[in-house]
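Notes for the one structure printed next.
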Amino acid sequence: MQALHHKLTRDLLHLRGQVLAVAAVVACGIAVFVLMRSMYESLIYERDQYYEQYNFADVFSSLKEAPEYVSERIIAIPGVSAVSTRLVFDVTIGVPGLAEAATGHFVSLPFYGKPSMNGIFLREGRFIDSSRNDEAVVSEVFMKANKLHLGDSISAVLNGRLQMFRIVGSGLSPEFVYEVKGGTSIFPDDKHYGVFWVSRKALEHAFDITGSFNNVSLRLSPTANKADVISALDILLKPYGSIGAYDRTLQISHQFLQAKIDQYKSMSDRLPLLFLAVAAFLIHIILSRLIATEREQIAVLKAFGYSNMRIAIHYLEFAMATVLTGALFGILLGIWGGAGALGLLIQFYHFPVLEFHLAISTFFFSFAVTTIASCLGAFNSARAAVKLPPAEAMRPEAPAVFKPGIFEHIGIHKILSTSGRMVLRDFERRPVKALLSMVTIAFSVSLLIVGGELIDAIHDVISIEFYTSRHEDLSVGFRVPRPEDVRYDLSRMPGVMRVEGSRTIPVDISFGSRTKRVAVQTLERGGILRQLVDEKRVIHPLPIHGLSLTSFLAHELGATVGDTIRVEVLEGRQRAVNLIVEDTINEMLGLSAYMDIANASVLTGEDRDYTEALLAINPDYGERIQHSLENMSFVTGVTLRTGMIGDYQKTIADSMLSINFVFILFASVLAFGVIYNSGRITLSERGREFASLRVLGFTKREVAMILIGQQAAIVLLGIPIGFGLGYLVNKLITGSYNTEIFRMPFEFTMQSLGYSAIVALVSAIISNIFIIRRVYHLDIIEVLKTRE
């Protein structure tokens, strides 16, 4: 036993270059798994702790206005364990140092004490004094983005009245882990949108609402039937202008957070398998070669009484030592990468504490998977070792039978040099090995393609959303629908060149047994400031009479163009009508339906009203226009398009750069490991042949070119295979991003193909430099003295 352990150590040291290359591939696969899994487990743990500690609600509902006594009827609904009522308004705010207006999401705090539901983690400062109407606790991310401090004051336009609020605390809430404005916005805009917790008295006084609420949150008992509770709540609140209750799964912050958690889980389940499959292949190649060179040693071991099982275990130990070393370093690398990735995640998802968490089971799973991969890679080789009878193993392996291949039959060899013929014949004699090497190179190229295309896809989303679909300079939100006259009032403002109106109508859309709660966006036919654009940048006209649905929504409903769907309006008169699906649009953001605003009365039963105005303005009048809009009582927020673009691009650049670096690093390691191992094994297999060529007069350079030519052919043939594989992998990866909130457009550009090919070639050049050094230091006499 001790002798075999000594032999194992010598084998590992002798093949250290190949062993380290395989270990590096394993390390990359395990690092990806541990990184993604740690992100998944960290988010799950922190989310559950945060939600529980601060009593995050299970059901939510917004309404126009209901008297406070209605809360007593809500708590009486079977399954409801707690109720929290409040006032919630979006208002325009002025921030010191910020040229453009921002939007404040004002949430009322209880008259006494802290909120019993959707609690606040106070980062610094204190809670407001409920007897004062001029104090606010502000979301931490908004304060950081605008460099605000405790004691600073901001101005807010509450129902047309300008009021100052002094910041007394900064905090976070489980309701706003992902602090985003909503609507079609999917990226946080921390500088222009923030949450403000203020006195309920302040909002009651400003909006002339006393003893009423317009927002309610519920906690349910463990045995509650959620669907029944929501149905009962909708019936109860319908007379008070409810736009429909919804559970936590539809709460916007939770939706984004859950989508990110699902994405990490999907990536941890899929991507590492690629690296481990390559590692198993490399282990098989190395052990096959090692066993072929140790035929006599195997025979001697059997002659001395070592059993077949013990010899097989010896070679399995070689594979285990290689991959478990890689697994250990991969775990350490994954932990380091996971901790760093959490730092990037904090920019988007805000917890009181976001610490690194990794279950012990993940470590055991990592080692178990690598053990299985090593056993699969070593199985055939180990079986070949134990099948060798001692007498047969003492004889050299029978030489292969060589004969002209298909390429020589068709005469291709005639146009090749001597070195080229040798390369061609080696491919003909070992086609399976060459094909597997090409496929592995193709995998690394496909990873590089995916890394580049992910960045291109994100930039396309920004480009289509902010440059092709939207052309307004700023958008103005209204607290309640405004009559058509508001458009003409805005157009008369100095510097306003064009005004277009739109209205958002919350609805339930049903087709067959499927129902989705979405918003119908009504736009002006012939408008140019907001257009319907698909992922191919094709502009779709507004439907004439019916609806246009996003493709994802149509798929979820099972509806196609020409189908009649039922639309139930959740506000106003709450009408229910049947409309025809006239078009589907492959948009990338949200679930939406579109119709001509001239037909909106079909849904609302009212004249043309607007909930938003889109303005094209003269830049010279920008500040003056914003200041005028901020002081209008019915305006809840003014959004500047250029401000959002800059913030989004900066955020995307930081996160995508890190992701791309990981893809490049791991794909390069994969390419290097495959090419280096292939070259080392070829050198070992053909060492005697290369030494003979040197004796016959071939120079070191000519011998090296034979080996390089073989590796170059593998890489050059593997790259186009990688292009095809990259297409499939990119389809798979982008498909995992397809959620109700966001869809990743599929990209496959010449730029990413060229980029991936260059990185693969550079990896091949670096690995071949190491191999060439061994060719130049080949000991001719020592090689020729051995059978090998």
Label corresponding to Rg and Dmax of the Cα atoms in Å when calculated from the structure given, among [x] 34.6, 121; [y] 33.5, 103; [z] 30.5, 98: [y]
Gyration tensor over alpha-carbon atoms, the stretch 1-115, equivalent ellipsoid semi-axes in Å: 61, 24, 11
Taking the mean number of other Cβ atoms within 10 Å as a proxy for protection, how do you rank 747-756, 35-44, 209-218 from highest to lowest? 35-44, 209-218, 747-756
For 538-544, 578-584, 470-476, ranked highest to lowest by mean beta-carbon neighbours within 10 Å, the order is 470-476, 578-584, 538-544
Accessible area (Å², 1.4 Å probe, nearest 10) - residue 601: 50
Compute the long axis of helix 418-429 from its Cα atoms, compare it with the longest principal axis of the Cα atoms of the chain, and write down the angle in degrees, 0 to 90, nearest 10. 70
Angle between the chain longest axis and helix 308-345 axis [Cα atoms, degrees, rounded to 10]: 30
Ordering 766, 771 by accessible area with a probe of 1.4 Å, largest first, what comes out? 766, 771
Accessible area (Å², 1.4 Å probe, nearest 10) - residue 488: 120
Helix 750-776 sits off the longest principal axis of the Cα atoms of the chain, rounded to the nearest 10 on a 0 to 90 degree scale, by 30
Phi-derived 3J(HN,Hα) across the stretch 76-90 with the Karplus relation (6.51, -1.76, 1.60, θ = phi - 60°), rounded Hz, x for Gly and Pro, is 7, 5, x, x, 8, 9, 7, 10, 10, 9, 6, 10, 9, 9, 9
Picking from 330, 82, 148, whose Cα lies most toward the positive end of the charge dipole for the chain (charges on Cβ: Lys, Arg +1; Asp, Glu -1)? 330
Sum -39500 (n - 2.57) across every DSSP H segment of at least 4 residues in the chain, then divide by the residue count to get the 222 nm mean residue ellipticity, nearest 500. -17500 deg cm²/dmol
Scoring only Lys, Arg, Asp and Glu (+1, +1, -1, -1) among other residues with Cβ under 12 Å from the Cβ of residue 626 yields -3
How long is the gain from residue 273 to residue 64 if the chain were fully straight, where each residue apart is worth 0.36 nm and the alpha carbon distance is subtracted? 70.0 nm
Would you please give the residues with an amide H less than 5 Å from that of residue 177, counting only those at least 5 places away or on a separate chain, with H modeled from the backbone geometry? none
What does the highest-first list of 434-444, 83-93 look like by mean Cβ count within 10 Å? 434-444, 83-93
Between residue 129 and residue 307, how high is the FRET efficiency from 1/(1 + (r/R0)^6) when r is the Cβ-Cβ distance and R₀ = 56 Å? Nearest 0.05. 0.10
Ignoring everything but the protein chains, give the 1.4 Å probe accessible area of residue 609 in square angstrom, nearest 10. 30
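The values are calculated or read from the model by the stated rules, or taken from the named source; none is laboratory data. Worth saying up front: this structure is predicted, and the values here are computed from it rather than measured. Cβ atoms come from the backbone with ideal geometry, glycine included; neighbour counts cover every protein chain shown. Accessible surface is based on the protein model in full, side chains and every heavy atom, while ligands, DNA and RNA are left aside. Shrake-Rupley method; radii C 1.70, N 1.55, O 1.52, S 1.80 Å.
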